[in-house]
Structure formats: C-alpha cells, structure tokens
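Working notes, structure below.
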Amino acid sequence: MVSSFGDFLARAAGDPILALTALLVLAVVLVNGWTDAPNAIATAVATGVLPFRRAAVLAAVCNLLGVAGMTAYNATVAETLYTIADFGGDGRAALSALCAALCAIVAWAALAWRFGIPTSESHALVAGVTGAALAMPGGWANVQGAAWGRVLLGLGLSVTLGYWAGGFCHRLLVRLRPGAGLLRRGQVAGAAAMAFLHGAQDGQKFLGVFLLGCALTDGGRAEGVFSIPGWLMLLCAGVMALGTGIGGRRIINTVGRDMVSLSPGEGFAADLGGAACLLFCTLAGLPVSTTHAKTAAILGVGAASGGPVNRGVAGGIALTWLLTFPGCGALGFLLARLFHP
C-alpha cells in the first residue's frame, strides 16, 4: 500500500498506468460529487432553508468528516469494493480492465446527469468493475459472490428501509408539531447528517477502488492487509466536494422539486429517514446507495403526507436504477475487451 502522498506521486511519475488509474478514479469521485452527493442536500436547498453554495460547503465538510470518521471505525464498505472482483494474475491486463470499468462509470453517470436523473455511482461502480472482470480470463469465476451478496442486501434495505423511515419520520413530526424555526434548523442538521453518511458510504467505496488500483500495480492484493492513508481520504473528499459545487443543481431540482414538492417539515422528515437508513446500513458494513436511500425516503414522505408525486419523474429514476447494473456492467465488459492488451 502507498503510505504517503509523496510516495504515491513518486510512483505515479514513474508508472503512467498507475497515474492513469488514479486520475480515472478521481474522475469517478468528481462525477459522484456531481451527480450523487447533491442528494444529501437536495431537500434543504429545494425548501429554501439553505442557499446552494452554503449547502455545497456544508456537504464538502461533512463528506470529509464522514470519510475519515467511518473509515476509522469500520472500513468494511471500502474492503467490499476492494475485493468484489478478481482481474486475474496479469497485473497490466488487470489495470487495463480496471481503467475500462472506470471509463464506463464516468460515461454512464454523465449520461444520467445530462437528463437530470440521480443515478447511483455506488451501483455503477460495482457493475462496471464486475463487467470488466467478466471480460478477463476466468469469466464468472472472477466475481466474488460474498461481496456481491452484501451489495444486493444493501440495495434491498436502502429502498425499503428508506421508504419506511421517511414515512415514519413524517408521521412522527406531524404528531409532535415542532415550530417552523426548529424545522428549519433541523433541516440544516439533517442535510449535514446526510452528507456525513454519504461520505461514510460513497467515500469508502472509492477509497477501496483507488487502493485496488495501487495494489494491482504491485502485482495483486495483499491478503489480510487493508489500511487507508489519511491523505487519500482528504484527496477523495476534496474532489467530491468540487463535483458537488460544479454540477449539483440539476440533481437537486429533480429530487427536491420535480419529483415531490416538499415543505420544510417534509424535507426534515426525508433527511431523518434517509440518514437513519444510511446509518444502519453503514454500521452493518453494507455498501448502499445514498441516492436510493434519500430518494426512497422522499417518496415515503410524499406517500405519508398524501401530497402529489410526479410519477413520470419517479418512474424515470426507477428505470435508471434498474438499468444501471446491466447497462454499466455491459459497458465495462465491452471497454475491457477493447482495452485488453
């Protein structure tokens, strides 16, 4: 593993493939901040509690704290992505396959962003890496079933638990009837919690893939050794924050305004429900999608409040979710075959 930033730069300067892999991972992190991280602050911005720029700064700080805090406590999510697929014994061919997977993820996410649809980079990452691994010698034997099992369990929980928690929190707030000022402050706290847990989840996933690329340049993964350096946490959190500042508005409009029109109280309930879902899954070491948890929580609030839900927008989001695994997986497979040396 790379212990210091200086050590990594020295290695990347002498190894163009490692440098390209690192740049592609950071490109995926940027796109995640562009298309996924805005979900954490969508309701606070959509209800007018926070202006976009202030919300983006809040998301950046809390993403960093989430990456650092949760990785120190439990790095299982990062390790799941680190071990989800095997690219074979040829280090250079494996790196080419990983680069193909990362290109597929960037292309998929950029296409979804073009239409303002909040896609899940978590599942695009899993699908792209798996598709590239299938293109390598060994085929299905390269896919780690245990890691995929955790991904699928997290997928089911993020949607069902997020939807239920959003509706439950809305009903609870209706019964408690907090004042308008408390609701607005609660939304700020809820947005901070969502951003913290987004960093705890998605930040870890990209750390795992970054370290996988470094390990492949050394000839393969070191069994039983998994540690994440602090400089890498800072780098990934910073790039993610940059992406949120560049392109987050379009996703915020889709999630926070177009799908369901939310009041401050309903936005607070969605933040509480989404954060509760993410916290449970992260503590359990399950890789889940912030997009799925937050969107499901918003839909749960919309159903509980009886407010109008734009079924066309919700249907478009659901269709993108369903297509992510086969679509991004197929793209990763095809690019890996094209990149194969």
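Of the candidates Ala146, Ala124, the single residue that is small (Gly, Ala, Ser) and over 30 Å from Leu299 (Cα atoms) is Ala146. Among residues that are open to solvent by less than 20 Å² (accessible area, probe 1.4 Å), assigned to a helix (DSSP H, G or I) and within 23 Å of Val288 (Cα to Cα), Gly186 is not included. Of the listed requirements (1) in contact with a helix residue (DSSP H, G or I) (Cβ under 8 Å, 6 or more places away or on another chain); (2) more than 17 Å from Leu279 (Cα to Cα); (3) open to solvent by 20 Å² or more (accessible area, probe 1.4 Å), Arg150 misses just one: (2). Among the residues here, Ala124 does not qualify as open to solvent by less than 70 Å² (accessible area, probe 1.4 Å), in a helix (DSSP H, G or I) and over 30 Å from Ala94 (Cβ atoms).
The values are calculated or read from the model by the stated rules, or taken from the named source; none is laboratory data. As the structure is a prediction and not an experimental result, all values here were calculated from the model. Every residue, glycine as well, gets a Cβ built from its backbone with ideal geometry; the counts of neighbours run over all protein chains shown. These accessible areas exclude ligands, DNA and RNA; they are computed on the full protein's heavy atoms, side chains included. Shrake-Rupley method; radii C 1.70, N 1.55, O 1.52, S 1.80 Å.
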